[in-house]
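These notes are about the structure you will find just below.
The values are calculated or read from the model by the stated rules, or taken from the named source; none is laboratory data. For clarity, every value in this text was computed on a predicted model and none was experimentally measured. Cβ coordinates were reconstructed from backbone atoms using ideal geometry, including for glycine residues, and neighbour counts include every protein chain displayed. Quick note on the areas: whole protein, heavy atoms, side chains included, nothing else; ligands and nucleic acids left out. Shrake-Rupley method; radii C 1.70, N 1.55, O 1.52, S 1.80 Å.
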Amino acid sequence: MLRSTLWAAWAYLAAVSVCGADGTIGEKIAPITGSARQNAYRIFNGLHSVARLWGTAVHHNGFALIPGVVPAGTLLYHGSGRRHTPEEREWLAFEVEHAELFAKRFLRPNPPPDGDVSSHKSAPQKRGQKPLAAPPASHSCEDEPDEPDEQLQQSGTGYMHTFQARRDLHVLILDGMSAASSCSSGVGAGGGDVFYLLFRHADGNPDTSFEEECEREENSEEDPYGYKALAEIARRACKVATKLGFDAVLRAEAGFELIYCDFQGTGLELMSSVAQVPFQKRLTDKVNPLFDWMRAVTRNYDGIGRDRLRVDFSSMVSGLFFPFNYSSPLPDGSHGARLMAAGEEHYHQLYEYAIGALHSRDKFTVNWQAVAEAVVDRYSDRLARLASPQISAHSFIEEVEAVVMMYYNEDTASVDRPEAKMPGVSDALDSCTKAYLLPALAFQERWSLADELLYAATETITRSICENYYHVYSLLMDTAPARATKAPCRDKDQDFASKELQNAIKSAQEKVTKLMEKLDWSDWRRPRQCSTNEFMYIAMSPFGTDNDHFNPGCRSPNYFEDLPQGYW
């Protein structure tokens with residue numbers, strides 16, 4: 001009750017915050033550049049994480065709908081207890097092990113008849129990833145007797161169906177885990193916001209609030225596993241998607257999967273249908289399909305890969321483009337922002353805008369994820385090293401100068417403002433900001449509105465990074481030893497150990513840490529193979545020793561002061 005009251009109050013405030021002077025709520029609201037800049041950090045992280053499982057799991061509260069294509073020839077998998085292939089809506093996995101788990105119906109004692117969930121008397125489970133028809137429960141080896149019991153011998157057979165895309169399949173991607181089978185409670189609250197809010201409008205404006213519908217589904221005695229609720233949401237999703245010309249909805253939970261909307265269409269060809277060997281006929285009774293599933297899908301931490309998905313970022317629609325208030329009022333760990341916080345009225349406006357915008361797509365003008373990746377690749381390890389308490393003063397200055405001097409033109413700077421401490425810094429800052437945006441700017445004449453908004457968000461990020469670098473360098477210049485103006489015999493080690501410089505570095509590190517907190521890149525959430533002062537190295541011509549080739553490992557800057565050679 002308290003949560004519902006909070007949401008109602010917050011929805012009103014969110015509505016009032018973007019209304020005109022007369023306080024009306026029903027006016028049309030369009031995407032604007034100001035919102036893209038204001039929400040730049042979330043937009044950028046969303047871009048970098050699309051169809052990448054690690055980033056998707058870190059930044060799971062999705063806000064965007066993005067068209068994509070699964071290329072012709074791609075293999076997709078479906079596991080079930082049915083011998084025949086699906087006829088209407090069903091899920092397809094990108095990985096064999098993901099589908100295989102749901103084919104192993106023989107692992108469940110007395111599985112219910114297909115689609116008959118109410119007859120199965122096991123304790124209800126919290127809604128998680130599940131097919132649109134009732135799947136088996138995963139097998140627990142801990143309580144399994146030495147010999148298969150009578151119930152297991154009576155269990156049914158599972159089937160693995162392998163499909164191949166006959167043509168390019170048009171898919172609607174929901175970013176983050178915004179299509180997850182979750183409701184509004186729990187630390188991961190917000191995971192399913194797009195799925196459960198956007199597609200609620202597929203049959204018109206719903207009579208119940210999101211909170212009411214969610215609570216009803218969570219506490220349903222008729223549907224304890226949530227299968228019927230998920231099937232209903234999938235029906236609505238496909239109703240919207242097929243009207244827009246999509247074949248499927250692509251979502252992320254524990255792995256990526258498609259909710260494919262019409263198996264009777266021309267998009268798929270059945271390549272094989274294999275009955276799984278029953279449990280009691282296998283050599284081992286120790287089965288851990290969940291481990292196999294997780295091991296397989298985690299290979300997608302850095303992307304689905306193998307050219308199995310192409311993303312049309314130039315046709316992207318994001319709630320973060322709109323001037324809505326997404327701050328969550330709930331102290332439940334929902335990562336500070338949720339699409340649902342915009343309120344029902346604004347959510348319906350977003351739905352109507354998205355439907356119109358997604359009719360005009362297939363642009364593929366700019367790969368904004370590649371732009372975001374270039375920025376992260378350039379600065380992620382550098383910023384992590386600068387923030388490390390183990391970095392020396394000399395290494396700190398060297399790391400900062402490696403970036404700022406890339407864009408600083410000494411010739412023109414000294415002519416423009418010879419009296420300034422760092423003349424020409426304005427031009428250098430502009431060059432730094434635009435450096436990784438140049439590939440996108442090459443196609444500016446063909447940009448869509450989405451491209452304009454994504455540029456605004458990405459440019460906000462790169463400018464923030466570059467401004468911080470040049471500000472940090474300014475702090476260092478006041479105290480660091482200046483090689484060009486100091487006497488050759490000056491004790492530079494003493495300069496680097498000075499209290500003034502150490503204080504400047506401390507202030508600079510505080511600034512770097514605050515920048516990293518704002519950026520919140522998913523890379524920094526990963527356990528590191530090497531320390532921030534090292535990287536993984538293998539011998540590469542013409543450098544490297546025998547040991548580098550046969551025992552690759554973490555190497556520090558000191559290792560490369562004397563060129564390692566000998567293998568080549």
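Across the cross-link table entries K104/K239; K104/K286; K243/K363; K434/K518, which are compared at the Cα atoms, the separations over 22 Å belong to K104/K239. The peptide list 440-446, 398-404, put in order of mean Cβ contacts within 10 Å with the highest first, becomes 398-404, 440-446. In this simple spin-label model, placing a label point 7 Å from the Cα along the Cα-to-Cβ direction at both H549 and A374 gives a separation of 3.5 nm. Given points 7 Å out from each Cα along the Cα-Cβ axis, report the E87 to D262 separation in nanometres with one decimal. For the pair E87/D262, the computed spacing is 1.6 nm. Surface calculation, 1.4 Å probe, protein heavy atoms: R463 sits at approximately 60 Å² accessible. The stretch between L438 and V96, if pulled fully straight at 0.36 nm per residue, gains 119.2 nm over its current Cα-Cα span. Simple spin-label estimate for K506 and K281 gives 7.3 nm between the two label positions (7 Å along the Cα-to-Cβ direction from each Cα). Once the Cβ-Cβ distance between E561 and L290 is put in as r, and R0 is 41 Å, what FRET efficiency do you end up with, to the nearest 0.05? For E561 and L290, the calculated efficiency is 0.30. The Cβ shell under 12 Å around Y347 holds other residues with a net charge of -2, Lys and Arg each +1, Asp and Glu each -1. A probe of 1.4 angstrom, applied to the heavy atoms of all protein chains, finds S474 with accessible area near 40 square angstrom.
Counting only Cα atoms, the size of segment 261-306 along its three principal axes is 40, 31, 18 Å, in decreasing order. If R0 is 30 Å, the Cβ-Cβ spacing of E345 and E452 corresponds to a FRET efficiency of close to 0.70. Ranked by the mean number of other Cβ atoms within 10 Å of their residues, highest first, the peptides 375-383, 263-271 come out as 375-383, 263-271. Only protein heavy atoms count here; on that basis, with a 1.4 Å probe, Y469 has an accessible area of about 10 Å². With a Förster radius of 35 Å applied to the C-beta separation of F364 and R526, the computed FRET efficiency comes to 0.75. E534 sits among other residues whose Cβ lies under 12 Å from its own Cβ, and their net charge, with Lys and Arg +1 and Asp and Glu -1, is +2. Computed log10 I(q)/I(0) for segment 351-406 at 0.18 Å⁻¹: -0.72, from the Debye equation with unit scatterers placed on every C-alpha and solvent omitted.
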